[in-house]
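Undergrad: A single structure is presented below for examination.
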Amino acid sequence: MEKSCSLIVHFDKGTPALATEIKEALEGNDIPSKIEALKKAIMLLLNGETIPQLFITVIRYVLTCDDHTVQKLLLLYLEITDKTDSRGKVLPEMILICQNLRNNLQSPNEFIRGVTLRFLCRINESEIVEPLIPSILSNLEHRHPFVRRNAVLAVMSVYKLPHGDQLLDSAPEIIEKFLASEQDASSKRNAFLMLFSCAQDRAVNYLFMNIDRIIDWGEQLQMVVLELIKKVCRNNKNEKGKYIKIIIALLSANSTAVVYECAGTLVSLSSAPTAIKAAASTYCQLLLSQSDNNVKLIVLDRLNELKKDNREIMVDMVMDVLRALSTPNHDIRRKTIDIALELITPKNIDQVVMMLKKEVVKTQSGEHEKNGEYRQMLVQAIHTCAIKFPEVASTVVHLLMDFLGDTNVASAMDVVVFVREIIETNPKLRVSIITRLLDTFYQIRAARVCSCALWIIGEYCLSLSEVESGIATIKQCLGDLPFYTISEDGEGQETSKAVQQVNATTVSSRRPAILADGTYATQSAALETAMSPPTLVQGSLSSIGNLRSLILSGDFFLGAVVACTLTKLILRLEEVQTSKAEVNKATSQSLLIMVSMLQLGQSSVLPHPIDNDSHDRIVLCIRLLCNTGDEIRKIWLESCRQSFVKMLADKQRRETEEIKAKAQISNAQPDDLIDFYHLKSRKGMSQLELEDEVQDDLKRATGEFTKDADDANKLNRILQLTGFSDPVYAEAYVTVHHYDIVLDVTVINRTKETLQNLCLELATMGDLKLVERPQNYTLAPESSKQIKANIKVSSTETGVIFGNIVYETSSNVLERTVIVLNDIHIDIMDYIAPASCADVAFRTMWAEFEWENKVAVNTVLQDEREFLGHIIKSTNMKCLTPPSALEGECGFLAANLYAKSVFGEDALVNVSIEKQSDGKLSGYIRIRSKTQGIALSLGDKITLKQKGTA
């Protein structure tokens, strides 16, 4: 039978010791042999063995031994051996050990006294403890603190025994006197803990009698004081004010653990602005003073929680929070920036942006390997600030444009997207941005950044000088034409070799990529990685410009973008240039560039020819320049910009809607009382108490104190484990909390017999692990028992818990009855939550993740958007595709969904569906993740739910 025990020792079952060998060793006089024998006996007992004949041997041969190690092991042996019979009565031979324990309590050795007192803390039989009470009390006055602190714990455990208040009715009074005269910090802590547990009023009285000295008490005692305050304030909310003063005093304690606990206690007890400000200030100080990164992350979590309900107070702390950016840790910096971005206001925006600018400059000089990622993070943060407060854009945009040539492509991409948005939203900055962009364009080394920069040049170069500079810059970066020569064999071969060298690093891998609209496209790795350094070629130029190098590497999409940009610039040049000859000259040069790109794409110099899409776009540009119409001119020069403006407006509208959805507005009922702060009685109340009272009244009025009834949800989580006709009925209430699953199993004996050794045996499948071993119970006729089982979860996947109930009846002890339980399926939905990520991040993860699960669409729903909504609801995921992209009736729908698990795992889903001619939907739902479990579990869930609609 399994029993609870306070001792766990690792035991190797491979070499079990024999009881006879242990007995012989204990009867001998060799001390080391006795020690080894006692250790073996303890391990056998801990693993369920029974050695009844050994007890008398221990009494005869071990009890009298004076060796300290033997005495310590003897106490461990006595702690785990059975001290009662089957009816719960103390065994008569246990009286034999009482005299030995009394001798130990009066021993001249402090160690023996201390370990014996500690042993008595774990004894639950009052018959053994009662004769020892005088000896325990005498140890309260021992000269050594080790003995005194354990004596206090022994007094507390005796007082907590059933009828312990009768055994030692004066214990609280004795401990209170002891506490008044004691000097040792540990002993004082134990004494105060005893009063806190057993005589709370005395603990409170002692606290207020020594209120001026609390700051000088030891760390352990201060922690118990905080526990007492939390307990008292939970039971009696009216007395919060005087205790909050104590907490604020403890905020200046020397121990950082105490200070952290104080801040947490303060927030849990009070909503007063002064209290919240003190707690936030404390967290900020801990953030700077602690060197441990884990501590910093925990403190940032606390600050994040504070920010949710007390944003107005936290706004003043934003600069203190940002000082955590000095920590060279990616996660800490990410959390710090996330908190700060939600606290920016017109009052502090300038300071925040200045701080972020300083950090950006630091990333240039530092040699830290993750500087690129950190710079990207800072650019995104500054982008967010500039969108919320456009007036700060002018102070940062030029600094950030220095990073367009960054080797970290993601960081450079963020900068160019930021520039593109700012140039549209801040017309005053257009001229300076265009000038700076044309000056720094040659530094850009990534194809995606070049494409975006070229679009900006094509759309926003408006004056004659800007248009001419734009055309000149593009020509300079393309270099001399043609791109390759056939006439000189040697030179052609050299060029071919150089091209292949460039190409080797960039076009070596081509793989399907998911686009922003959810569709697939073949994409070269050159688009995702920084371009290799320019390669020297034989020809008139000593080095290749960035556009030339990328086009020679086979990137014809960029070539098409160059053609489109040149076309827009020529069309605009026709409007601003009065000289027809200059326009014709520029047009002919642009046409030559486009024709040269087509020639390069169709030649054998490159291993891959030009793709059809890029070819068609370049040909379209050539035709357009040869024959321009007013309608076409309007499309190229105005419609593109209008689409971009519409996209920005749509993005802003979605962000506004998200902010509104996040804001939890508590409304007061029409007949609720209004509490006027200035009319409140201030008699005998400090400012803090007054604030706290007002905040409580406000919360009461707005309904924050009333919790929603969860009874209906609880009923949904009750699972029936056995049938109604089974002799034992069982049902489980399942609670899932991140890494833990708690099964609260109710077992009912429906027979007229007593069930003995009833055991709930559970087993798991998947990444689930049982925490404790099952215990045996005795169940009276028609009685019930609550059994708790804890299960640890280590990854996001659907797990199964199965098992049975085993018992013996009083009429037939030899026969064991087994009832098989229904399986409990742990739903993956308990672990994943909707989350957001950028399109670029989604596509990067999609390319990296190796586990894919492909589920065919099989549903009776006939509307594409209705089916998408059903999948989003079933999988608890967020749709990243904007609603504007899903509008219209075209018979096709592609959308990306994203969620994150409590374990930090990412779940990516792409829904691609098409409406058939018969009205039915067909297509596929692809799930990708880094781990197999989440991909398979989500796939099973989708398969089950989409069939469930039928």
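The values are calculated or read from the model by the stated rules, or taken from the named source; none is laboratory data. No experiment lies behind these values; they were computed from the predicted model shown. All Cβ positions, even for glycine, are placed from backbone atoms using ideal geometry, and neighbour counts span all protein chains on display. The area values use the complete protein model at the heavy-atom level, side chains included, leaving out ligands, DNA and RNA. Shrake-Rupley method; radii C 1.70, N 1.55, O 1.52, S 1.80 Å.
Undergrad: In the calculated pair distance distribution of the stretch 268-420, what percentage of Cα-Cα distances lie above 29 Å?
TA: When every Cα pair of the stretch 268-420 is considered, 19 percent fall beyond 29 Å.
Undergrad: Dipole of the stretch 830-946, Cα-centred, from +1 at each Lys and Arg C-beta and -1 at each Asp and Glu C-beta, to the nearest 20 debye?
TA: 180
Undergrad: Please report, in whole Å, how far the alpha carbons of the stretch 16-161 spread along each principal axis, starting with the longest.
TA: Ordered largest first, the stretch 16-161 gives principal extents of 44, 37, 23 Å.
Undergrad: For the stretch 360-468, just the Cα atoms, rotate onto the principal axes and tell me the three extents in Å, largest first.
TA: The principal-axis extents, from largest down, are 44, 30, 20 Å.
Undergrad: Could you list, in their original order, any pairs among 39/72; 920/945; 89/788; 231/308 whose Cα atoms are separated by more than 19 Å?
TA: Table pairs above 19 Å Cα-Cα are 89/788; 231/308.
Undergrad: Next question. State, as an integer percentage, the relative contact order of the stretch 162-211 based on alpha-carbon contacts under 8 Å between residues 6 or more apart. If you can, show how the numbers build up before the last one.
TA: Values: 22 pairs, mean separation 15.5, N = 50.
31 percent.
Undergrad: Something else about it: For residue 351 paired with residue 866, estimate the spin-label separation in nm (one decimal), with each label point 7 Å from Cα along the Cα-to-Cβ line.
TA: 5.5
Undergrad: Can you list, largest first and rounded to whole Å, the semi-axes you get for the stretch 715-826 by taking the square root of 5 times each eigenvalue of its Cα gyration tensor?
TA: 27, 14, 11
Undergrad: Using a cut-off of 13 Å between beta-carbons, work out the net charge of the residues near residue 163 (Lys and Arg +1, Asp and Glu -1, residue 163 not included). Before the final figure, lay out the partial values.
TA: Values: positive: 160; negative: 125, 127, 130, 165, 169.
That works out to -4.
Undergrad: So how much slack lies between residue 848 and residue 943, counting 0.36 nm per residue of separation and subtracting their Cα-Cα distance, in nm? Can you show the working numbers first?
TA: Values: separation 95, 0.36 × 95 = 34.20 nm, distance 2.47 nm.
Fully extending the segment from residue 848 to residue 943 adds 31.7 nm.
Undergrad: Also, I was wondering about something else. Could you name the lysines in cross-link range of residue 230, using Cα to Cα under 20 Å and dropping any fewer than eight places away on the same chain?
TA: Straight-distance partners of residue 230: 188, 240, 242, 245, 277, 699.
Undergrad: If you add up the charges near residue 217, with Lys and Arg at +1 and Asp and Glu at -1, over every other residue whose beta carbon is less than 9 angstrom from its beta carbon, what do you get?
TA: Summing Lys and Arg as +1 and Asp and Glu as -1 gives +1.
Undergrad: In what sequence, highest mean first, do 874-883, 551-560 appear when ranked by Cβ atoms within 10 angstrom? Mind showing how you got there, number by number?
TA: Numbers: 874-883: 18.5, 551-560: 25.1.
Most protected by this proxy first, the peptides run 551-560, 874-883.
Undergrad: Keeping every protein chain in place, order 436, 234 by accessible area at 1.4 Å, biggest value first, i.e. largest first.
TA: Correct descending sequence by accessible area is 234, 436.
Undergrad: Can you give the convex hull volume per residue for the Cα atoms of the stretch 883-950, as a whole number of Å³?
TA: Given the Cα convex hull of the stretch 883-950, per-residue volume reads 105 Å³.
Undergrad: A further question on this structure: Where in the stretch 22-39 does the label zone of residue 53 land, with the point 7 angstrom along Cα→C-beta and an amide N cut-off under 15 Å?
TA: Zone members listed by number: 22-27.
Undergrad: Could I ask something else about it? Could I get the Rg over Rh figure for the stretch 830-946? Both from C-alpha atoms, Rh via Kirkwood, rounded to two places.
TA: Expressed as Rg/Rh, it is 0.95.
Undergrad: Determine how large the accessible area of residue 442 is when every protein chain is in place; take a 1.4 Å probe and give Å² rounded to the nearest 10.
TA: About 130 Å², ignoring ligands and nucleic acids.
Undergrad: Could you tally the net charge around residue 202, taking each other residue with its Cβ under 13 Å from the Cβ of residue 202, Lys/Arg +1 and Asp/Glu -1? Could the numbers behind the result be given before it?
TA: Values: positive: 177; negative: 173, 176, 201.
The answer is -2.
Undergrad: Largest first, how would 287, 861, 936 line up by accessible area (1.4 Å probe)?
TA: Values: 287 0, 861 30, 936 80 Å².
In descending accessible area the options line up as 936, 861, 287.
Undergrad: How compact is the stretch 201-299 by the rule of thumb for globular proteins, expressed as Cα Rg over 2.2 N^0.38 Å?
TA: Numbers: Rg = 13.4 Å, N = 99, 2.2 N^0.38 = 12.6 Å.
Expressed relative to 2.2 N^0.38 Å, the Cα Rg reads 1.06.
Undergrad: Related question: At R0 = 35 Å, how high is the FRET efficiency between residue 121 and residue 29 if r is their beta carbon distance? Nearest 0.05 is fine.
TA: E between residue 121 and residue 29, to the nearest 0.05, is 0.60.
Undergrad: Taking every Cα atom in the stretch 552-623, find the radius of gyration and the maximum pairwise distance Dmax, and write them in Å.
TA: Both quantities, over Cα of the stretch 552-623: 13.3, 44 Å.
Undergrad: Still on this structure: What is the percent carbon and sulfur in the accessible area of the stretch 715-826, measuring with a 1.4 Å probe over the protein chains and ignoring ligands?
TA: Using a 1.4 Å probe with all protein chains present, the stretch 715-826 comes out at 51 percent carbon and sulfur.
Undergrad: In nm, give the distance between the simple-model label positions of residue 744 and residue 771, each being 7 Å from the Cα along the Cα-to-Cβ direction.
TA: 1.5
Undergrad: Let me ask another. May I ask you to derive the relative contact order of the stretch 830-946, considering only C-alpha pairs under 8 Å and at least 6 residues apart, and to give it as an integer percent?
TA: Result for the stretch 830-946 is 35 percent.
Undergrad: Okay, next question. Assuming 0.36 nm per residue, please report the length gained on full extension of the stretch residue 242 to residue 592 beyond their Cα-Cα distance.
TA: 117.5 nm
Undergrad: With the other protein chains left in place, how much accessible area per residue, in square angstrom, belongs to the stretch 715-826 at a 1.4 angstrom probe?
TA: With all protein chains present, the stretch 715-826 gives 54 Å² per residue.
Undergrad: To the nearest 0.05, what FRET efficiency results for residue 200 and residue 753 with a Förster distance of 35 Å applied to their C-beta separation? Mind dumping the intermediate values first?
TA: Details: r = 45 Å, r/R0 = 1.27.
Computed FRET efficiency for residue 200 and residue 753 comes out at 0.20.
Undergrad: Using 1/(1 + (r/R0)^6) with R0 = 22 angstrom and r between the beta carbons of residue 215 and residue 180, what's the FRET efficiency to the nearest 0.05?
TA: Rounded to the nearest 0.05, the efficiency is 0.70.
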